[in-house]
Amino acid sequence: AAAHTAAPTSLLLPSRHAVKHCLLRPRLLLCGPEGSGAPALAAALLSAVEGLPVHSVGLPALLSDPGARSLEEALVHVVVEARRAAPAVLYLPHIQLWWTTAPPALRAVLIMLLEDLPPDTPLLLLATANTAAAELEPELLD
């Protein structure tokens, strides 16, 4: 009988199965006081992943959607398009301003859309805030 030898495994490089299941709903919040460089860091990160489509869900981007009848509809369009284009990045700059100025219905739609994403959807939510994490609304840190 031939001896069976297992394929070598690497401690540094997980199997494809492990990689598929280790990043569930990836989210990254870059925050710090004004002048800390969070927007510059986000720009550098977006540049590093330049092969991925980036879909902005900032208020100016949502307001400029000519096909949407409301901010909520514009947000749904962007998230649906990002899911179709996945792997992709959803970019939410100035999340603290977005959260305080967005109507409650828009905030609820964002939460529902993010919670309804299948866990293995390769869609990174990248957000920036020009404030310390301790000063952000608790909902933004969940």
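Structure data summary
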read-out: At R0 = 30 Å, FRET efficiency that the Cβ-Cβ distance of residue 134 and residue 56 yields, to 0.05; value: 0.70
read-out: Separation in nanometres of the label points that stand 7 Å from Cα toward Cβ, at residue 64 and residue 141; value: 3.3
read-out: Additional length obtainable on full extension of the chain from residue 86 to residue 120, 0.36 nm per residue less Cα span; value: 11.2 nm
read-out: Added length on full extension, which subtracts the Cα-Cα distance from 0.36 nm per residue, residue 29 to residue 46; value: 4.8 nm
read-out: Principal axes of the stretch 32-142: Cα extent on each, largest first, Å; value: 35, 33, 29
read-out: Share of carbon and sulfur in the accessible heavy-atom surface of the stretch 54-142 [1.4 Å probe, %]; value: 60
read-out: Highest-first arrangement of 72-85, 39-52, where packing means the average Cβ count within 10 Å; value: 72-85, 39-52
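The values are calculated or read from the model by the stated rules, or taken from the named source; none is laboratory data. These numbers come from a predicted model, not from an experiment. Heads up, the Cβs are rebuilt from the backbone with ideal geometry, glycines too, and the neighbour counts pull from every protein chain shown. Remember, those area values only see protein heavy atoms, side chains included, never the ligands or the DNA or RNA. Shrake-Rupley method; radii C 1.70, N 1.55, O 1.52, S 1.80 Å.
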